[in-house]
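The values are calculated or read from the model by the stated rules, or taken from the named source; none is laboratory data. The structure displayed is predicted, hence computed values, not measured ones. We place every Cβ from the backbone using ideal geometry, glycine too, and count neighbours over all the protein chains shown. Surface areas here come from the heavy atoms of the whole protein model, side chains and all, with no ligands, DNA or RNA. Shrake-Rupley method; radii C 1.70, N 1.55, O 1.52, S 1.80 Å.
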Amino acid sequence: MANQVAKCHVSFLANCPTLSTALKLFVAHCHASNLSPNTTAYYEARLKRFAEFVGNTELNNVSSVHVREFLSWERETNSQTIAAHSH
């Protein structure tokens, strides 16, 4: 994992092999950037939900289509308040 972390810091999107690895590194970055614990927890929860929706795919395979489908799915399955807050 340490080798993957080093690669990801060079070019986050280009070198992270999977969405789950990118998620872990992003959350670590949020902590290192001293973001509010509530903000970090919110980002982590939202991104985990997206990762569950997409599956642990290679990061290169995630596209804007996945994001739009995820947001549409959320609008259908969540209250309007939560879905609206997602944009």
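Sorting 55-64, 17-26, 40-49 by average packing, meaning the other beta carbons within 10 Å per residue, from highest down gives 17-26, 40-49, 55-64.
Annotation: amide H of ASN78 has no partner in the under-5 Å range at sequence separation 5 or more or interchain, hydrogens built in the peptide plane. For the range 21-75, with all protein chains in place and a probe radius of 1.4 Å, 54% of the accessible heavy-atom surface sits on carbon or sulfur.
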